[in-house]
Amino acid sequence: DTEVTQTPKHLVMGMTNKKSLKCEQHMGHRAMYWYKQKAKKPPELMFVYSYEKLSINESVPSRFSPECPNSSLLNLHLHALQPEDSALYLCASSRDGSGQETQYFGPGTRLLVL
Amino acid sequence: KNEVEQSPQNLTAQEGEFITINCSYSVGISALHWLQQHPGGGIVSLFMLSSGKKKHGRLIATINIQEKHSSLHITASHPRDSAVYICAARTGGSRLTFGEGTQLTVNP
């Protein structure tokens, strides 16, 4: 099983809403990533978890709050987002984040903030 | 100047043509990745290279470490190859630096 799953596929939310994005993998990977991708742009790294600990936070605003409850799950909690946060949010995982390894990407959640 | 640059930005080909997409990088890397992204959004990892050449089906990826350059070739292109192709350099630990992507359209 080389699949990374993400739910929901699409999400529309208002600026006062609280919602969560979910990512799951069962490949035994110990590194998980959140990326944000705007239209016609490459992905931008947001967060990296390694062995369930936050190892990289790319100066992401606090309205985005990641959580890694166990080695298979990664959540991104959203609160008080702005319309400019509308984007495709991609999750990825890799063996342990330490070296030459492939990152496996999920299909993404397309988020629209109204 | 981006640390990872791709060319061309857009490429249109006829079915059956041989296609080359180029990637140049200006930083030290431990590996170079080629990714494919279809319009639906999902990204598929095609290759990870640190030296030489890799082949998978009709796809070939090469890297020249001295010249800091990598190429992705598609032989006998097909409309289903239409996608955005992204090169990404592993510059330190788990961090990837992405190129801007090449939009490939293969017409029947």
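Observations, loosely collected:
- Rounded to the nearest 20 debye, the dipole size of chain B about its Cα centre is 360 debye, using +1 on the Cβ of Lys and Arg and -1 on the Cβ of Asp and Glu.
- Measuring from each cysteine beta-carbon in chain A, the ones with no other cysteine beta-carbon under 4.7 angstrom are A:68.
- Cβ-based charge dipole, region B:1-63, positive-most Cα from B:43, B:14, B:56: B:56
- Shape category assigned to the protein assembly as shown from the gyration tensor of Cα positions, a/c cut at 1.5: prolate
- Set A:18/A:38; A:9/A:41; A:9/A:38; A:9/B:55; A:36/B:54; A:9/A:40 screened for pairs whose C-alpha atoms are more than 24 Å apart: A:9/B:55; A:36/B:54
- Charged-residue dipole, Cβ positions (Lys, Arg, Asp, Glu), region B:41-82 about Cα centre, Debye nearest 20: 120 debye
- Projected label distance in nm at residue B:73 and residue A:65, using a 7 Å step from Cα toward the beta-carbon: 5.3 nm
- Near residue A:17: Cβ cut-off under 13 Å, other residues only, Lys/Arg at +1 and Asp/Glu at -1. The net charge is +2.
- The mean number of Cβ atoms from other chains found within 10 Å of a Cβ in peptide A:100-107 is 6, as a whole number.
- Inter-chain Cβ neighbour count for B:42-50, averaged per residue, equals 4 (cutoff 10 Å, partner chain atoms only).
- FRET efficiency, 1/(1 + (r/R0)^6) with R0 25 Å, evaluated for residue B:56 and residue A:17 via beta carbons: 0.05
- Exercise: per-residue mean of other protein chain Cβ atoms within 10 Å, B:92-99: 6
- Using only side-chain charges placed at the Cβ, +1 for Lys and Arg and -1 for Asp and Glu, the dipole size of region A:44-114 relative to its Cα centre rounds to 120 debye.
- Rounded, prolate or oblate (a/c below 1.5 giving rounded, otherwise prolate when a/b exceeds b/c) for chain B by Cα gyration tensor: prolate
None of the figures in this text is laboratory data; all of them are computed from the coordinates on show. Small disclaimer: the values here were computed from a predicted structure and weren't measured. A quick note on method: Cβ atoms are made from the backbone with ideal geometry, for glycine too, and the neighbour counts reach across all protein chains shown.
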